[in-house]
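Every number here is computed from the coordinates shown, using simple stated rules; none is lab data. As the structure is a prediction and not an experimental result, all values here were calculated from the model. Counting neighbours? That spans all protein chains shown, and the Cβs are built from the backbone with ideal geometry, glycine included.
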Amino acid sequence: MKAFALPLLAAATAMTALPARAQQQIGPVPVIEAGHTLLTVSAEGRSTRTPDLAVFSAGVTTQGVTAREALSANSQAMSQVIAALRKAGIAERDIQTSNLNLNPVYAQPRRLQDGNYEEGPQRITGYQVSNTVNVRQRKLDQYGTVIDTLVSAGANQVNGPSFQVENSDAALDEARVAAMKAARARGNLYAQAAGLKVLRVISISESGGYYQPQPMVMMARMSADSAPPAPPVAAGEMQMTANVTVQFELAP
């Protein structure tokens with residue numbers, strides 16, 4: 001075999017110019033003919049979709065002198081919030097409790113004249129209850145109206161949305177096909193640059209297909225009497241990405 005140093009290729013791919021049996025590699029070594037070259041390339045493919053889901057959380061935080069008082073107030077307020085979600089057209093399957101916390105509220109330690117703070121166990125002054133549900137909004141054009149309805153019903157914690165594509169398989173498959181086309185094109189490019197030709201594909205592996213979710217937009221705690229007008233929402237596009245690693249056998 002000719003001695004191919006191939007400095008151009010070494011910087012971008014794992015490419016060997018020696019027979020496969022001479023390589024020191026971890027794991028199984030692909031079997032190629034003596035005098036041929038093994039080329040490994042990685043490529044990425046993308047596709048885009050318009051989101052069809054907005055996922056957000058909504059909840060109520062209440063306080064009371066006793067745990068029972070705080071929990072009772074929270075249960076009443078949260079029942080109104082869930083009823084408002086149903087009335088707004090959110091299906092039962094799209095409403096799921098995600099968090100329910102009951103915690104004591106402690107008094108701040110008293111500061112003494114010498115600048116130090118009073119020692120001893122903290123005094124409990126009351127209790128705080130937080131209840132949160134995760135919601136999947138399928139009619140994105142109604143998202144702002146639903147948020148306004150929730151706040152009017154008593155929700156004082158709203159976080160979101162995170163836009164998603166419910167059925168992303170077709171879009172991910174498009175990204176996988178694009179990734180494979182890019183890998184083939186790159187393999188041919190390196191082969192031509194080295195004065196070789198692609199003989200066959202040795203192996204194909206996928207490092208994972210995924211879509212890039214939109215960042216969560218956080219809405220601060222608010223009171224029902226200070227609820228702003230229904231906020232405008234722009235869903236934009238979601239980008240699906242697939243990555244493949246392909247090994248080619250090159251020959252003179």
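Excluding Arg46 itself, what net charge comes from residues whose Cβ is under 13 Å from its Cβ, given Lys and Arg +1 and Asp and Glu -1?
-1
Return the aspartates and glutamates within reach of Lys197: Cα separation strictly under 17 angstrom, same-chain partners fewer than 8 residues apart disregarded; answer none if there are no such residues.
Within reach: Glu33, Glu249.
Which residues in the range 41-60 have a backbone N closer than 17 Å to a point placed 7 Å from the Cα of Ala185 along the Cα-to-Cβ line?
The answer is 41-48, whose backbone nitrogens lie closer than 17 Å to the label point.
Using the basic label-point model (7 angstrom from Cα toward the beta carbon), what is the Arg123 to Leu199 distance in nanometres?
Distance between the two pseudo-spin positions: 8.6 nm.
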